Amino acid sequence: MTHASHSPRPDTDWHENAYDLVRGLAAYSGSVLVDGLARVIAKHPEANIANAFNYKQVGCKLWARDKLFESAGPSYRKVAVLGGWYGVLPAMLLEDPRFNIGATVSYDIDPAVEEVARTLGSGFGERFRAVTADMYTLDYRNVAADLIVNTSCEHIADLPGWLGFLPSGTRVLLQSNDYFSEPTHINCVSSLDQFRAQAGLARTDFAGALPMKKYTRFMLIGTI
């Protein structure tokens, strides 16, 4: 029988319980990322971190991380993640001991997410940065990343036009999907072949599809 003092009080805010749970998981696992999640829950209760770190989101990012390692290797001087939201993917890359990454930058056009991302990645020190910026106006030569990640290509009306901003020979990791029913998805693709044709990479090191419950996610890793 559970002792009454161990039962959560009905008036206890769920953020308090979530923070205590995630902080405990961080202590158990030693994970810098999970510790960052606890800090976000405590400091930014308005952040939709549950959606950013749900099973589907994590699964897609694990797939990206594993295939990047297998197809392109572990060493990157600087990784730029566009549409990085709360910075979960760059944090996952930094935490993976298989990789040797000098620095990551999470770019997002929404200024409301920058401070949340900084809190999430604070445990990685100067190796993690979050910047508010529009991917269409970035000077990619000054960004000087040897890997550009964009997992939201379905939100880009003209993918070849955007890729044209990147210096020739830049390594990229791109994801799109066939989730046409989502109103914010303005440029879905119906197949992996269509995605490959749309991106027009000079070299493709990996091309694959990940079936999900409501859609299929497509991914390309290569150079432009």
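Being within 18 Å of residue 114 (Cβ to Cβ), modelled with pLDDT of 90 or more and of a type in the set (Gly, Ala, Ser) is the requirement here; does residue 52 meet it?
Yes, satisfied.
Taking residue 132 and the conditions (1) open to solvent by less than 50 Å² (accessible area, probe 1.4 Å); (2) touching a Pro at 6+ places or on another chain (Cβ under 8 Å); (3) closer than 30 Å to residue 38 by Cβ; (4) not acidic (Asp, Glu), which numbered condition does it fall short on, given that it satisfies the others?
Failing condition for residue 132: (1).
Could you check region 146-194 and list, in sequence order, the residues that are buried (at least 20 other Cβ atoms within 10 Å of the Cβ), among the polar types (S, T, N, Q) and not in a loop (DSSP other than H, G, I, E, B)?
150, 175, 176, 177
What is the number of the single condition among (1) surrounded by fewer than 16 Cβ atoms within 10 Å (Cβ to Cβ); (2) assigned to a helix (DSSP H, G or I) that residue 198 does not meet?
(1)
List the pairs whose first member sits in region 96-122 and is surrounded by 22 or more Cβ atoms within 10 Å (Cβ to Cβ), whose second member is of a type in the set (S, T, N, Q) and part of a strand (DSSP E or B), and whose Cβ atoms are under 7 Å apart, counting only residues at least 6 apart or on separate chains?
108/132; 117/106
Among the residues of region 81-92, is any in a strand (DSSP E or B) and either in contact (Cβ under 8 Å) with a residue 24 or more places away in the chain or farther than 23 Å from residue 219 by Cβ (or both)?
Checked region 81-92: at least one residue is in a strand (DSSP E or B) and either in contact (Cβ under 8 Å) with a residue 24 or more places away in the chain or farther than 23 Å from residue 219 by Cβ (or both).
Any idea which of (1) farther than 19 Å from residue 144 by Cβ; (2) modelled with pLDDT of 95 or more is the one residue 101 doesn't satisfy?
Residue 101 satisfies all of (1) farther than 19 Å from residue 144 by Cβ; (2) modelled with pLDDT of 95 or more except (1).
The values are calculated or read from the model by the stated rules, or taken from the named source; none is laboratory data. All values reported here derive from a predicted model rather than from experimental measurement. For neighbour counting, all protein chains shown are included, and Cβ atoms are generated from backbone atoms with ideal geometry for every residue, glycine included. The accessibility values were calculated without ligands, DNA or RNA, using every heavy atom of the protein model including side chains. Shrake-Rupley method; radii C 1.70, N 1.55, O 1.52, S 1.80 Å.
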